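Comments concern the structure below.
Here, each number is a calculation from the coordinates, and none is a lab measurement. In this text, all values refer to a predicted model and were calculated from it rather than measured experimentally.
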Amino acid sequence: MPYFPFDESPFLFQLSDIQDAFRGNASRPGPELDGGELVFGQRNNGVALVLKQDLERVTVSHNVSGQNEPMYVATTWRGDWQVEVEVGEICINELVEKQL
């Protein structure tokens, strides 16, 4: 998730199977620790990326149904879905660490 200083909104992006970008609704990166997991966005509200405690898995959820001013707005035509992905390699940006 790119982070831009100077009050620019953050965004999440997907490169495959379908390329898409989910722009943030606020001028903050939006990560938070929740139960030991690192959450970008909000669970069950728009788009969220959740890095599991073991740092070996990430869950991406895309919830159009019932989204209410989410951090990252889900794309209507893509519907509701969730996928868990195995993490091969990860790099946590120092700016994200400072936000937590």
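Tabulated data for the structure shown
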{"item": "Prolate/oblate/rounded label for the stretch 11-86 (Cα gyration tensor, a/c 1.5)", "result": "oblate"}
{"item": "Karplus (6.51, -1.76, 1.60) ³J(HN,Hα), θ = phi - 60°, over the stretch 32-42, in Hz, Gly and Pro reported as x", "result": "8, 8, 9, x, x, 9, 8, 10, 9, x, 10"}
